[in-house]
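Right, one structure below, let's go through it.
The values are calculated or read from the model by the stated rules, or taken from the named source; none is laboratory data. Please read all numbers here as calculations on a predicted model, not as lab measurements. Note that we place each Cβ from the backbone using ideal geometry, even for glycine, and neighbour counts take in every protein chain shown. Heads up: the accessible areas ignore ligands, DNA and RNA and are worked out on the full protein's heavy atoms, side chains in. Shrake-Rupley method; radii C 1.70, N 1.55, O 1.52, S 1.80 Å.
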Amino acid sequence: MARLKIEDLQRIKEEHKAASTLREGGFRAKITVHMGTCGLAAGARNIMSALLDEIEKSGVTDVIATTSGCAGLCSREPMATIEIINNPPVKYGSLTEDKIRRIFKEHIIGGNVIEEYALVIGSETAY
Amino acid sequence: MQKYRANLMMCAGTGCVACGALKIKDALKAELKARHLEDEIQIVLTGCNGFCSNGPIMAVFPDGIFYQKLKPEDIPLLVEEHLLKGRPVEKFMYQEPDKKTKVPAMKDIPFFNLQVLRALRNKGMIDPEKIEDYIARDGYQAAAKALLHMTSEEIVKEIKDSGIRGRGGAGFPTGLKWEFCSKVKSDIKYILCNGDEGDPGAFMDRSVMEADPHVVLEGMIIGAKAIGAKMGYIYVRAEYPLAVKRLQIAIDQAKEAGLLGENILDSGFSLNIEIYEGAGAFVCGEETALMRSIEGKRGMPRPRPPFPAVKGLWDKPTVLNNVETFANIPPIILNGADWFRSLGTEKSTGTKVFALTGAVNNIGLIEVPMGIPLRTIIYDIGGGIKNNRKFKAVQLGGPSGGCIPESLLDTPVDYESINATGAIVGSGGMVVMDDSNCMVGMAKFFLEFTAEESCGKCPPCRVGTKVMLDMLTDISEGRGKEGDMEVLKDLSADIINTSLCGLGQTAPNPVLTTIKYFRDEYESHIKDKWCKAGVCKTLTTFYIDETLCKGCGLCLRACPKGAITGEKKQPHKIDNELCVKCRSCYVACPVKFGAVKIGPGNMAVGAESK
Ligand SMILES: Cc1cc2nc3c(=O)[nH]c(=O)nc-3n(C[C@H](O)[C@H](O)[C@H](O)COP(=O)(O)O)c2cc1C
């Protein structure tokens, strides 16, 4: 590491913001890729890889990606749930790598739900 | 930067490493690779997480799930279920004693959520071998502020206003110490860090040095600027190899980054820091002895004054502070004295780290606001007494401290209140004892330690501790006499008043407090030749109460000497000729029967059930 100047301390902190967000919380958006057996079989792993690639390329530090089990609609896997703070969650189904990349750019970054891919907007209720 | 979707914070503190954390890490690495998850999920080795009794420990972020007592064979399931499919695995989670449900999130476990992390704020959150991780959590911002925007007087004032007192044991106000030294004129001054941590059972400072070594350096940089020192030493015992290694890595990284060495951050201020490895003598933690030791001489204390602030290392003005004291300095500079005072009491501000151990369910490292009652620490954070036994005493301050009984459990943990009990806050050792501990034996244990560690320079300590130890040995072996307690108290007063350094001045405390609060135990040892806890072997006879024995055979199977006989469902019997008084039968007998009893040492064989 080269000799640091005072500005560098702030720069390094910013560069590591993504890791801090992951460990400390305070994220703006969370994307859950459903990875039950059905999701995995339908290619959820590739969805996750494409998503992580987009996050990395964009340089955003307040978005986290995580996994959870089957979302209950196995025929529409791979699926992902997007939760942006102060917005209702949105579920997307029948994903492809291209679709998740577009969702990342337009929904997560741009803030516009892509209705043609969306399955549900808002949490499903139990009754 | 590589984007990960999850971080596995794997505790690699000494405790977890000892119980196999590195094997878990290898298993995780292999499993992540096998499932092609290595680019998505990062393993981070952290310093001590604190919940040492439950290691190996791993926290998974962003979910904040806490896993404990992991075994290599658990890893494939954990990776598949949680890390792949997102379903946290209950069976590796924490369960509160006496409760049926698992607690998935670290923030919901009482052991963690009653703590306030300041000195330990980075524990488990950073890789201690990466300076970037430290900087990412505001590291070196306080040093930058102190070096570029504050005068020496302003730093001293902030620290004085914060009210922080030294965490190494004596509780001397840090700001005052810095002020004395800053006013002494000298072109050479030294700043020293005390990482000797000689109290048996204490591991607060080790954990800070292992988990967050840069915070020690940053605290020292700020202190150096305050007093005007250009050279610093960290005195660490060689028995702390991991702390030494991580501190050295931190020093090398800080030098390379220009945070140590010449003209730090272009401020014009320069400081070098070196590690000095001590050989692990308790007395070398005493400030004047520590300085002699760094000079390469035999570590022995000398009379004060002159105080080290005037004449310290190589007779130059010197400030010595404890590891935890330094760890508290950067946030004070960043957030201000009022922020620091917002926790704690009027005279004991901020938080204190304790090594909680002994008969409690949750053993480990905790940081709590000063002023918290002992009861909260032991019953809420500590999860109460293990195996449903009865609380007897809590020992604070190690060999310089004392025992506090049940009746004083609501005492707030601050310097004045704890001193009033006869114990001391000390450096943070907190040993909880239940009814199976003998208080005379406990006092003897610490006296053995101080008598052994006394450097021998002054007779009150050298001879006095030995005489006291001999008396305690006599009492615990049945040679105690009427009046012994008075002699012990007299001797204690003399040793306290006439010893040269803190070692002798505090060595009698464990004896004095046990006499004060557990006088009846001394009396039964001296008069009845009976150690009711069954610890002092000469003063104990184990026997079985035939009216209570159900003949379950547990004691019989537990006895290593075959001293117990009896038919199934018939009362058993202990042959006292064969019995070696190992307590196995006493421990094995179910609490609901309580048939194995402890009688006095000279109890006639065969008279047990009278
Ligand atoms: C026998 C003896 C052993 C000591 N051991 C330690 C020790 O291991 N660590 C420590 O920080 N202070 C120890 N001290 C206290 C130091 O002398 C000194 O007060 C302290 O390091 C100052 O730092 P502080 O003001 O930040 O607490 C010991 C004192 C005595 C008398």
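So is B:G261 open to solvent by less than 20 Å² (accessible area, probe 1.4 Å), more than 16 Å from the ligand (Cβ to nearest atom) and within 14 Å of chain A (Cβ to nearest Cβ) or not?
Judged against the criteria, B:G261 is a match.
Look through A:L95, A:L40, A:L73, A:L52 and report the one residue that is of a type in the set (A, V, I, L, M), open to solvent by 70 Å² or more (accessible area, probe 1.4 Å) and either in contact (Cβ under 8 Å) with a residue 60 or more places away in the chain or under 24 Å from B:E81 (Cα atoms) (or both).
That would be A:L73, the only listed residue that is of a type in the set (A, V, I, L, M), open to solvent by 70 Å² or more (accessible area, probe 1.4 Å) and either in contact (Cβ under 8 Å) with a residue 60 or more places away in the chain or under 24 Å from B:E81 (Cα atoms) (or both).
Tally up the residues in the stretch B:201-239 that are surrounded by 21 or more Cβ atoms within 10 Å (Cβ to Cβ), closer than 30 Å to B:M442 by Cα and touching a strand residue (DSSP E or B) at 6+ places or on another chain (Cβ under 7 Å), please.
Counting residues in the stretch B:201-239 that are surrounded by 21 or more Cβ atoms within 10 Å (Cβ to Cβ), closer than 30 Å to B:M442 by Cα and touching a strand residue (DSSP E or B) at 6+ places or on another chain (Cβ under 7 Å) gives 9.
When you go through A:I103, A:I114, A:I82, A:I47 one by one, which is the residue that is open to solvent by less than 30 Å² (accessible area, probe 1.4 Å) and within 13 Å of chain B (Cβ to nearest Cβ)?
A:I47
When you look at B:I164, is it over 16 Å from B:E286 (Cα atoms), under 20 Å from the mean Cα position of the chain (by Cα), more than 7 Å from the ligand (Cβ to nearest atom) and in the same structural domain as B:V319 (by TED's automatic domain parsing), yes or no?
It is true that B:I164 is over 16 Å from B:E286 (Cα atoms), under 20 Å from the mean Cα position of the chain (by Cα), more than 7 Å from the ligand (Cβ to nearest atom) and in the same structural domain as B:V319 (by TED's automatic domain parsing).
Mind checking whether some residue in the stretch B:417-431 is within 16 Å of the ligand (Cβ to nearest atom), open to solvent by 10 Å² or more (accessible area, probe 1.4 Å), farther than 20 Å from B:I363 by Cβ and part of a helix (DSSP H, G or I)?
The answer is yes, given that some residue of the stretch B:417-431 is within 16 Å of the ligand (Cβ to nearest atom), open to solvent by 10 Å² or more (accessible area, probe 1.4 Å), farther than 20 Å from B:I363 by Cβ and part of a helix (DSSP H, G or I).
Out of the residues in the stretch B:448-461 that are touching a helix residue (DSSP H, G or I) at 6+ places or on another chain (Cβ under 6 Å) and not in a helix (DSSP H, G or I), state the one that is surrounded by the fewest Cβ atoms within 10 Å (Cβ to Cβ).
Filtering the stretch B:448-461 for residues that are touching a helix residue (DSSP H, G or I) at 6+ places or on another chain (Cβ under 6 Å) and not in a helix (DSSP H, G or I), the one surrounded by the fewest Cβ atoms within 10 Å (Cβ to Cβ) comes out as B:G456.
Any chance you could count how many residues in the stretch A:5-18 are within 7 Å of chain B (Cβ to nearest Cβ) and more than 20 Å from B:D127 (Cα to Cα)?
From the stretch A:5-18, those within 7 Å of chain B (Cβ to nearest Cβ) are A:5-6, A:9, A:12-13, A:15-16, A:18; that's our starting set.
With the extra rule that they be more than 20 Å from B:D127 (Cα to Cα), the set shrinks to A:5-6.
Count: 2.
Restricting attention to the stretch B:1-42, and to residues there that are in contact (Cβ under 8 Å) with a residue 60 or more places away in the chain and within 10 Å of chain A (Cβ to nearest Cβ), which single residue is farthest from the chain's Cα centre (by Cα)?
Here the answer is B:A6.
Which ones in the stretch B:201-218 are within 11 Å of the ligand (Cβ to nearest atom) and part of a loop (DSSP other than H, G, I, E, B)?
B:A202
Among the candidates B:K71, B:K102, B:K85, B:K91, single out the residue that is touching a strand residue (DSSP E or B) at 6+ places or on another chain (Cβ under 9 Å) and either within 14 Å of another protein chain (Cβ to nearest Cβ) or touching a residue at least 40 places away in the same chain (Cβ under 8 Å) (or both).
B:K85
Restricting to the stretch B:156-172, give me the number of residues that are open to solvent by less than 30 Å² (accessible area, probe 1.4 Å) and outside any loop (DSSP other than H, G, I, E, B). Let's see the steps before the verdict.
Initial filter on the stretch B:156-172 (open to solvent by less than 30 Å² (accessible area, probe 1.4 Å)): B:156, B:159, B:162-164, B:166-167, B:169, B:171.
Then keep just the ones that are outside any loop (DSSP other than H, G, I, E, B); that gives B:156, B:159, B:162.
The number of residues fulfilling the criteria is 3.
Within 16 Å of the ligand (Cβ to nearest atom) and either polar (S, T, N, Q) or in a helix (DSSP H, G or I) (or both) - does that describe any residue in the stretch B:434-447?
Checked against the condition, which is being within 16 Å of the ligand (Cβ to nearest atom) and either polar (S, T, N, Q) or in a helix (DSSP H, G or I) (or both), the stretch B:434-447 yields at least one hit.
Could you figure out which of (1) assigned to a loop (DSSP other than H, G, I, E, B); (2) over 23 Å from B:K489 (Cα atoms) isn't true of B:W530?
All conditions are met except number (2).
So, of the residues in the stretch B:290-332 that are aliphatic (A, V, I, L, M) and more than 22 Å from the chain's Cα centre (by Cα), which turns out to be farthest from the ligand (Cβ to nearest atom)? Even if it seems obvious, please write down each step before you answer.
Here is the first cut: in the stretch B:290-332, the residues aliphatic (A, V, I, L, M) are B:290-291, B:294, B:300, B:309-310, B:313, B:319-320, B:323, B:327, B:329, B:332.
Checking the rest, the ones that are also more than 22 Å from the chain's Cα centre (by Cα) come to B:291, B:294, B:300, B:309-310, B:313, B:319, B:332.
Details: B:M291: 10, B:I294: 13, B:M300: 11, B:A309: 11, B:V310: 16, B:L313: 13, B:V319: 9, B:I332: 13 Å.
Per the criteria, the residue is B:V310.
Every residue, every condition in (1) surrounded by 24 or more Cβ atoms within 10 Å (Cβ to Cβ); (2) more than 25 Å from the chain's Cα centre (by Cα); (3) within 11 Å of chain A (Cβ to nearest Cβ); (4) in a helix (DSSP H, G or I), yes or no:
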residue	(1), (2), (3), (4)
B:M125	yes, no, yes, no
B:E129	no, no, no, no
B:Y134	yes, no, yes, yes
B:L148	no, yes, yes, yes
B:E154	no, yes, no, yes
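Exactly one of these conditions fails for B:I249: (1) out of contact with any helix residue (DSSP H, G or I) (no Cβ under 6 Å at 6 or more places or on another chain); (2) more than 14 Å from chain A (Cβ to nearest Cβ); (3) more than 14 Å from the ligand (Cβ to nearest atom); (4) at pLDDT 95 or above. Give me its number.
All conditions are met except number (2).
So, B:V587, is that one under 30 Å from B:S407 (Cα atoms), open to solvent by less than 10 Å² (accessible area, probe 1.4 Å) and away from the ligand (no atom under 16 Å from the Cβ) or not?
Judged against the criteria, B:V587 is not a match.
Name, by its number, the condition in (1) within 13 Å of another protein chain (Cβ to nearest Cβ); (2) open to solvent by 20 Å² or more (accessible area, probe 1.4 Å); (3) among the hydroxyl-bearing types (S, T, Y) that does not hold for B:T46.
Exception for B:T46: condition (2).
Output the helices (runs of 4 or more DSSP H) that fall wholly within the stretch B:272-391 and possess 3 or more residues being open to solvent by 10 Å² or more (accessible area, probe 1.4 Å), closer than 21 Å to B:D196 by Cβ and not assigned by TED's automatic domain parsing to the domain that holds B:D414, or say none. Before you say what the answer is, go through the steps one by one.
Details: elements: B:287-294, B:323-335, B:337-341.
Result: B:287-294.
Looking at the stretch B:173-186, can you tell me whether even one residue there is outside any helix (DSSP H, G or I), farther than 23 Å from B:G15 by Cα and within 16 Å of the ligand (Cβ to nearest atom)?
Yes, the stretch B:173-186 has at least one match.
Among the candidates B:E158, B:E197, which residue alone is within 8 Å of the ligand (Cβ to nearest atom) and more than 20 Å from B:M231 (Cβ to Cβ)?
B:E197
Residue by residue through the stretch B:65-101, note down the ones that are over 25 Å from A:R45 (Cβ atoms) and open to solvent by 60 Å² or more (accessible area, probe 1.4 Å).
B:K69, B:K71, B:K91, B:Q95, B:D98, B:K99, B:K100, B:T101
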